[in-house]
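Here's the structure we're looking at; comments come further down.
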Amino acid sequence: MSRRRHDAMDPYAWRRRAILAAWLIGAVAVIARAGQIQIVQASTWEDIAVRQQEGAATLPAPRGTVLVGNGVPLSVTRERVLVNIAPREVRDPVAVRQRLTDVLGLSSSRAERLVSGESGWNRVGLYSMAVRDSLVGLSGVHVQSLYQRYYPHGEIARGVTGVVIDGDGRGGVEQQFDEHLRGTTGSQIFARDAHGNPLPGQRVTVEEPRAGGEVLLTLDMELQEIAQSALLEAIDEHQAFGGDILITDPYTGEIKALFSIRDKNIAALSAINAPFEPGSTLKVFTVAALLENGLADLNDSIDIGNGRWTINGRTLSDVHVESEQVTLREAFYESSNVGIAKAALVLPEGLHYQSLRDFGFGTRTGIKLPGEVEGVLRSPDRWSRQSPQSLAIGYEMSATPLQMAMAYGAIANGGTLMRPRLIREIRDANGRTLERLEAQEIRRVVSPQTAAQVGRAMVDVVETGTGGAARIGSYQVAGKSGTARFATGGVYQSGDYSSSFIGYFPADNPQLVIFVKLDRPEGGVYYGGAVAAPVTRSVMEAALAANILDIETLAESAREPVEVVSPDRYAEYINTPVPIPLSPELPESEGGADAVAIPDVSGLPVRFAVRELHKHGLRVTEMGTGDVVRTYPTAGSVVTRGEVVRLRSGGQDDE
């Protein structure tokens, strides 16, 4: 039978043939597509599958440690675990709730809410690494390792260290050495379920993170605490807006303590980024320039008249000086503006400028901290007719507290300007030294003879002049006070002062240079000698009490013979004939000028108790550690000045 006849008898044949053809074409297309996927695009689809089933994560690196000179950590990184619950993934709610209460110490009600909640993701909190192993592997419990920056000593030296925000160093050493401290991140891959969530225990580390290195500072922890406490006490007492304190080693340029506070911000670092007009503390360098260049002698006589002098349209006046004729030495220790400005008339402008420049003014010191500024020291071609007199007494220029401390260090060490040294060592993550930063001399500024002459004149400032509040009994202190008005919009503000004192101790063989400045003290007392000098004395007394200084050197510097003992035997040392400096102004009590009532120091830390007893002219023995429990004799007892008071502290064993 012909096909045509067959088709005529079966009207649906063409449809069957069309369907068959479609099937054949479809089959060919499927086979072709399968071949394309399986052969041509195999690697592409494999990559897509892997990406769907695997995830990648960055492993953070532990940030390196910032330490102080004796190895005490200031900034450390500790590993913590962040625990989260995904209720929809929990397969065994009873086991998870039990683990949350047993391991994390959660209440049963909170554990129930976390496990049974409607939310897709519940944060539990941060915990120590000790809980990790007990939680890993529980379905629905997600444990993630995190690194936190931790400051074991709280706010001590916070401005120097800086902080870490979102993994980045901000301010201080954290910012300056961010690249070295942050380390190198690692990488990890993990398996994911159908919903894209990581599968517990299905993680593989591809590259381990490498921890950051260490930075060792020159700070002395005890001196930093002493300095910070003393400045805060002074700011509170005088209701000052802020202030700065620095303690340096004049021979090495090492910074032993650095603390700034502005409007309650304890991380201000104004010691390096907020220059001020130093006022009378700059007179040291005017006198040094005159002596070094043979233009004056400390015994030269100066006519200051009635303490007022008008020159080039400006009137200078004195506060403390009553004589009409004074020597340069007297003008210096009485801080006579008229006397110093008149003496500086013989100082050529170029030489005056170069001398200040040599002491480091107008240039950055090079300290390894971010944000340092150079201050202002204009070249002579930009001076006005009044500039020579203004500069002679510390105006028409600005300097940072750090510049002032380093310049005074040059006088203290015999005439050499040192570069400030805050960083002692750069280390790798294992503590191996990569770089050690040694003391660095910048230049010789004045001769040893000139430095010695200026130093003796600075002793007179403390012994008989405006810096008497810095006197410290058996040891000579060299220093200079300064009081300068703040200028706003180029206009000096009445009653708005910066009050400063800079000194070094002991005067004949300096161990420390101490700079103290308070900004805008209130209450009517604002002279640097009255506001800042007592802070210097307080710091020196506390440093003596804490046995921080070189006792043998101190014994050589004492006005009276002092028995030299081992530095680690302070309890014996304080019983030597002249062991502890006495306050220049001792309180009187009933029984006469040599009698004093023992203050109540119970509950105070030993160091602060010792400082308080020293201020009352008393010696201390058997100090121990911890807080003071009682004194022998007891508080309130009237004793003779110089009497030995025995402290009983919580850190001592019972008798």
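The values are calculated or read from the model by the stated rules, or taken from the named source; none is laboratory data. As the structure is a prediction and not an experimental result, all values here were calculated from the model. Please note: Cβ atoms are built from the backbone with ideal geometry, for glycine as well, and neighbour counts cover all protein chains shown.
Remark: Gln188 falls outside the filter, which requires a residue to be assigned by TED's automatic domain parsing to the domain that holds Pro87, surrounded by fewer than 19 Cβ atoms within 10 Å (Cβ to Cβ) and either within 14 Å of Glu79 (Cβ to Cβ) or out of contact with any Lys or Arg (no Cβ under 8 Å at 6 or more places or on another chain) (or both). Listed by position, the helices (runs of 4 or more DSSP H) inside region 55-166 whose residues that are touching a helix residue (DSSP H, G or I) at 6+ places or on another chain (Cβ under 8 Å) number at least 3 are 93-103, 108-116, 158-161. Checked against the criteria, Val516 counts as modelled with pLDDT of 90 or more and either under 24 Å from Gly415 (Cα atoms) or part of a loop (DSSP other than H, G, I, E, B) (or both). The listed residues are Pro370, Pro380, and the only one of them that is farther than 17 Å from Thr248 by Cα and under 21 Å from the mean Cα position of the chain (by Cα) turns out to be Pro370. Go through region 261-296 and count every residue that is in contact (Cβ under 8 Å) with a residue 40 or more places away in the chain and among the charged types (D, E, K, R). The qualifying residues number 4. Among the criteria (1) in contact with a strand residue (DSSP E or B) (Cβ under 6 Å, 6 or more places away or on another chain); (2) surrounded by 14 or more Cβ atoms within 10 Å (Cβ to Cβ); (3) modelled with pLDDT under 85, the one Glu89 does not fulfil is (1). Evaluate the following for Ala343: is it assigned by TED's automatic domain parsing to the domain that holds Leu258, within 25 Å of Pro250 (Cβ to Cβ) and either part of a helix (DSSP H, G or I) or among the acidic types (Asp, Glu) (or both)? In short, no.
Name every residue in region 159-175 that is farther than 11 Å from Pro370 by Cβ and within 11 Å of the chain's Cα centre (by Cα), in order of residue number.
Of region 159-175, the ones farther than 11 Å from Pro370 by Cβ are 159-161, 163-168.
Scanning region 159-175 gives Gly159, Val160, Thr161, Val163.
Right, Gly455: over 26 Å from the mean Cα position of the chain (by Cα), assigned by TED's automatic domain parsing to the domain that holds Glu396 and not aromatic (Phe, Trp, Tyr) or not?
Details: over 26 Å from the mean Cα position of the chain (by Cα): yes; assigned by TED's automatic domain parsing to the domain that holds Glu396: yes; not aromatic (Phe, Trp, Tyr): yes.
Considered against the rule, which asks whether it is over 26 Å from the mean Cα position of the chain (by Cα), assigned by TED's automatic domain parsing to the domain that holds Glu396 and not aromatic (Phe, Trp, Tyr), Gly455 comes out as yes.
The set of residues from region 305-335 being in a loop (DSSP other than H, G, I, E, B), surrounded by 13 or more Cβ atoms within 10 Å (Cβ to Cβ) and in contact with a Lys or Arg (Cβ under 9 Å, 6 or more places away or on another chain) comprises Asp318, Ser335.
Looking only at region 444-466, residues that are touching a helix residue (DSSP H, G or I) at 6+ places or on another chain (Cβ under 8 Å), more than 17 Å from Met540 (Cβ to Cβ) and assigned to a helix (DSSP H, G or I) come to 7 in all.
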